[in-house]
Amino acid sequence: MSKKDSIESGSAEYRWSQIIDSLEEGVIGIDAEGCVVLMNQAAEQLTSCSLGAARGRHHFQIFAQSPWLIDLVDEAGGGDRRSVSAVGSIRGLWEKAIPVRACASGIFDADAHRVGTALILQDLSVQRNLETDVRRAENLAELGTLVAALAHEIRNPLGGIRGAVQLLAAEIGPHPTAREYVDLVLREVDRLTKLLGQLLELRPRSRFTPQAVNIHRVIDHVLQIVGPTAEEQSVRILRIFDPSLPDVRGDPDALTQLVLNLVQNALQAVSSSAIDAREVRITTRIETDYHLTPQVSRDRGRIRLLRVDIEDNGPGVPREVEANLFSPFVTTKPKGTGLGLTICQRIASDHGGSIRFESAPGRTLFRVMLPAWDKEPGGS
């Protein structure tokens, strides 16, 4: 081979390497002996293992915690030219389960001899999150309609009970024991009325006229509200804002309630922790649009999203609660109603956005995605 051919061959190999690295799917090359010889960047991120650490190691070792992948690679290496695929989960960074679709195919040379196996991993996290968002929104709409009807039916009798008790109190006069019972009834009626008010927040909202809302002003207003509580509990609140963010497309009052609920939850979480350096971190940034639900994408075209992260260093969400955290009446608080996060989910959904969370001992993060107020073509 001439020097020119060598250079061209090397350049072609480099270009192929660049193409593989640019793919969103994870690509892993395994030789005929079952050892890893190639991994692109997406595969390194999905498996939390670098090519340097994986090269030369048998795939049994790399996928020890995901035996279904081992079976898939072995099946593809059976000698024929079939591709085999399956859906499962792998353990990524921090032992987090990542849903993936895996496809394994044998690699053959010009003489039809198998020289290895190609394993392609497609991250299904976004797809699963979108499915969860749609399912939650549908369930919440159905529940909200039912609950709102019941709340209206209960609210009127409660108002009558409160009025009757107040009249009864006037008839009784300054009787100490009776007055104590009257006050108890009034407090419980007021508590139930407040709960019904929260339940009514779950009902489907009529379409609101969106405004351009500065999300930083919303956050600053919320921090003014919770400031005394944070100071009393010795909680440090960190603001990490991107000053170049566009406005949010939404309703300012609803967005204030959304942020307030999440910040109050974070403060309550760290206040229950025994750590000394209690901290809540609020971060804003621009996000890409691949997290949008298909319906929003169809209705409004390509949309920029703003991302608001609210993170605390409290004890984390108990594993047994995680799957139903946004469901009504699910709470980790001794006196909680379990409606705060459900309302947050409803507000995010009303705005065409989403809310998700990540949690581990010593860290909980809620991530809110909201459409930007975009006047460019494709926006509204």
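The values are calculated or read from the model by the stated rules, or taken from the named source; none is laboratory data. Keep in mind it's a predicted model, so treat the numbers as computed, not measured. Just the protein is used for accessible areas: all its heavy atoms, side chains included, with ligands, DNA and RNA removed. Shrake-Rupley method; radii C 1.70, N 1.55, O 1.52, S 1.80 Å.
Per-residue Karplus couplings for segment 338-344, computed as 6.51 cos²θ - 1.76 cosθ + 1.60 with θ equal to phi - 60°, are listed in order as x, 10, x, 6, 5, 5, 4 Hz, Gly and Pro entered as x. For the residues Trp16, Trp68, a 1.4 Å probe over the protein chains yields an accessible-area ranking, largest first, of Trp16, Trp68.
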